[in-house]
Amino acid sequence: MAISYFAEEIKMPAIKKRTISQWIKTVADSYGKNVGEISYIFCNDNRILDVNRQYLQHDYYTDIITFDYSENNRISGDIFISLDTVKSNAEQYGQTFENELHRIIIHGILHLCGIKDKGEKERAEMTRCENLALEQLKTV
């Protein structure tokens, strides 16, 4: 298991890396998955827009982009997170920055575990899974 954390063009967010990494492993285990190589790249809105345009041909801002390199039951991937959008989402949803950041961190892992969020039903299931995972964080 190797979970890495990087910051591009911004300051690294104040997260407890060991705790977060253990939480990620616990959540992955609950879906029958092992953790392989996962890289979190924290960035700003401009960087995530560049990634969205370059690799996905999408011309809009987003909070997270997950590149899935998983094989069999081993999840691996690169996860880009825009801290600018996390901050604005936290304000919009009446959450603390830390809570919203944790939600987005685990959102990427849930994608790697196979949870989708395209339609209304899938989004509701993703939110349910995020909420369950956030409860697990309290016990790590």
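Exactly one residue out of G108, G36 is in contact (Cβ under 8 Å) with a residue 12 or more places away in the chain, part of a strand (DSSP E or B) and buried (at least 16 other Cβ atoms within 10 Å of the Cβ), and it is G36.
Please count how many residues of the stretch 48-80 are farther than 18 Å from A2 by Cβ and either in contact with a Ser or Thr (Cβ under 7 Å, 6 or more places away or on another chain) or part of a strand (DSSP E or B) (or both). Number of matching residues: 7. Per the conditions (1) crowded, with 17+ Cβ neighbours inside 10 Å; (2) within 15 Å of H107 (Cα to Cα), the sole criterion not satisfied by C43 is (2). Here is the figure for the stretch 1-26: residues that are part of a helix (DSSP H, G or I), under 21 Å from F97 (Cα atoms) and among the β-branched types (V, I, T) total 3. Consider the stretch 3-33 and keep the residues that are within 27 Å of L132 (Cβ to Cβ) and aromatic (F, W, Y). The one that is surrounded by the most Cβ atoms within 10 Å (Cβ to Cβ) is W23. The set of residues in the stretch 126-140 being more than 14 Å from E100 (Cα to Cα) and exposed (fewer than 13 other Cβ atoms within 10 Å of the Cβ) consists of R128, K138, T139.
A short reminder: the numbers here are calculations on the coordinates, not readings from a lab. It should be emphasised that the depicted structure is a prediction, and the values quoted were computed from it without experimental measurement. Using ideal geometry, Cβ is built from the backbone for each residue, glycine included, and neighbour counts are taken over all protein chains shown.
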